[in-house]
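The values are calculated or read from the model by the stated rules, or taken from the named source; none is laboratory data. Computed from a prediction, not measured in an experiment: that's the story for all the values here. Virtual Cβ from ideal backbone geometry, glycine too; neighbours counted across all protein chains shown. Ligands, DNA and RNA are stripped out before the accessible areas are found, and what is left, the full protein with its side chains, is counted by its heavy atoms. Shrake-Rupley method; radii C 1.70, N 1.55, O 1.52, S 1.80 Å.
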Amino acid sequence: LPSLIGHLSSKDESIAEMAAGVIAELCTDRRCRDELLKQDAVQKLLRMVSSSRNDSLRAKAVHAIGGMCADERFWDVITRSNGLTMLVELLFNPNSAGSLKLGVCNAIGDLVVDRNHALAFQRAGGAHALTSCVGMQDKDTAAAAAHALGNLAKAIDSANVQIDDTTIRRIVGMLAEPGASSAMHAIAVLCDHEPIRQRFIQSGVEAGLANASKCHADMTARQQGVQVLVKVLKEGNDGGQRLVQLGGVGMLLGMASSGRVEDKESALEQLEQISSNQGGLSSLEGQERELLPTL
C-alpha cells in the first residue's frame, strides 16, 4: 500500500491513474484507510484533483476521495486542506468533465449525510454548486446531483436550502428519465418546506409524479412515485381531494396492501380522509375488495 500511495505522485499519469483506481477500491477497508491517512494520501489525491489536466486521472482521485468520506479522520484532513472549496469549484467549473462532476456529486452525496459535514459544505456554497449540476445534459450527473441535494436538505432542513425555479422545473422533468428515483428523493425532502412545496406544485410535480407512478419503466420508481405523491399532497391537508382528481385512489389501495408499514399507514390515512366525504367515498365504490388483504 505505501508503494501504491507513492505512485500517486508519479510523473507517468497512467501509473498515477492506476494507483488512484486501486486505492479507490481498497479504501472501504479501515486498515487501508489507516495507512492512507498515515501516508498523507488524502493530500496527494486532492493535489491530483486540483492540478492535473487529465480528467480520467482526476475522476479516479475523486472516486478515492468519495470512498473515504465516511471516515471522520478524512473529514479533518479535507477541512484543513480547503478540500471542500476545491470540490465546490469543480462542480461550478463549466470545463470540468461530466465523469469528474459525477464522481464529486456521488462523493458529496455520502459526505453530507452527516449534519456537521453538510453545514460545512453548505457554507462553502454547496447547494448552489449542486443545483448547477442538476441542470447538466449528462443525466447521470444530474441525477447524482439531485440525490446529493436531497441528502443535504435532509441534513440541514429544507428551509435552509435555496433552490431556484429553473432547478425545480429540471427536477420535475427528471421524473420521466432514468434518474427519477433521485429526483423523487429530492422532492420528498425539499417539499417538507411549504414555500418550496408550493413552487414544486406550480411546476407540475403532481402530474409528473402521477405519471411516473403509472408509466415509468423502472418498477421501483413507480412505487416510489406513489409514496412521494402521497407525501407531497398530504402536506397540503386538502382531505385527499387532489389525489382523487389525479386518479390516485387505485395507487393508494395498492400502497395500502403492500410495501413498508409506514407507507401502508400513510395510504390508509389518506383513504380515511377521502372516505369522510360523499364525493371521495364514491371514488372508492367497487374497490373495497382491494383493502381486504391489508385488513
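Go through the stretch 106-122 and give me each residue that's closer than 12 Å to L152 by Cβ, of a type in the set (G, A, S) and buried (at least 18 other Cβ atoms within 10 Å of the Cβ). Step through it out loud before you land on a result.
The initial filter retains those residues of the stretch 106-122 that are closer than 12 Å to L152 by Cβ, namely 108-115, 117-122.
Narrowing the set further to residues that are of a type in the set (G, A, S) leaves 109, 118, 120.
Across the stretch 106-122, the qualifying residues are G109, A118.
Take M18 and tell me if it is under 31 Å from the mean Cα position of the chain (by Cα) and more than 25 Å from P94 (Cα to Cα). Judged against the criteria, M18 is a match.
In the set G125, G103, which member is in contact (Cβ under 8 Å) with a residue 24 or more places away in the chain, open to solvent by less than 50 Å² (accessible area, probe 1.4 Å) and at positive phi?
Numbers: G103 fails: at positive phi.
After applying the criteria, what remains is G125.
In the stretch 71-115, of all residues being of a type in the set (F, W, Y) and either modelled with pLDDT under 80 or part of a loop (DSSP other than H, G, I, E, B) (or both), the one that is farthest from L130 (Cα to Cα) corresponds to F74. Taking first residues from the stretch 20-42 that are more than 12 Å from H63 (Cβ to Cβ) and partners that are of a type in the set (D, E) and part of a loop (DSSP other than H, G, I, E, B), the Cβ contacts under 8 Å between residues at least 6 apart in sequence or on separate chains come to R30/D71; R33/D71; L37/D71.
A quick yes/no check of all residues on (1) modelled with pLDDT under 85; (2) open to solvent by 40 Å² or more (accessible area, probe 1.4 Å); (3) over 22 Å from G135 (Cβ atoms):
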{"position": "V189", "(1), (2), (3)": "no, no, no"}
{"position": "F200", "(1), (2), (3)": "no, no, no"}
{"position": "D218", "(1), (2), (3)": "no, yes, yes"}
{"position": "A221", "(1), (2), (3)": "no, no, no"}
{"position": "V228", "(1), (2), (3)": "no, no, no"}
{"position": "G236", "(1), (2), (3)": "yes, no, yes"}
{"position": "L243", "(1), (2), (3)": "yes, no, yes"}
{"position": "G247", "(1), (2), (3)": "yes, yes, yes"}
{"position": "K264", "(1), (2), (3)": "yes, yes, yes"}
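Among S14, S9, which is in a helix (DSSP H, G or I), open to solvent by 10 Å² or more (accessible area, probe 1.4 Å) and at pLDDT 80 or above?
Working: S9 fails: in a helix (DSSP H, G or I).
Every option except S14 fails the conditions.
Is it fair to say E25 is closer than 20 Å to L102 by Cβ, of a type in the set (D, E), within 28 Å of the chain's Cα centre (by Cα) and open to solvent by less than 60 Å² (accessible area, probe 1.4 Å)? The answer is no for E25.
Residue count for the stretch 136-169 satisfying the condition of being surrounded by 15 or more Cβ atoms within 10 Å (Cβ to Cβ), closer than 20 Å to Q122 by Cβ and out of contact with any Cys (no Cβ under 8 Å at 6 or more places or on another chain): 13.
Considering only residues that are assigned to a loop (DSSP other than H, G, I, E, B) and either under 15 Å from G103 (Cα atoms) or open to solvent by 50 Å² or more (accessible area, probe 1.4 Å) (or both), which ones fall in the stretch 30-63? Explain how you work it out, then say what you get.
Within the stretch 30-63, the first condition is being assigned to a loop (DSSP other than H, G, I, E, B), and the residues that meet it are 39-40, 52-54.
Within the stretch 30-63, Q39, D40, R53, N54 qualify.
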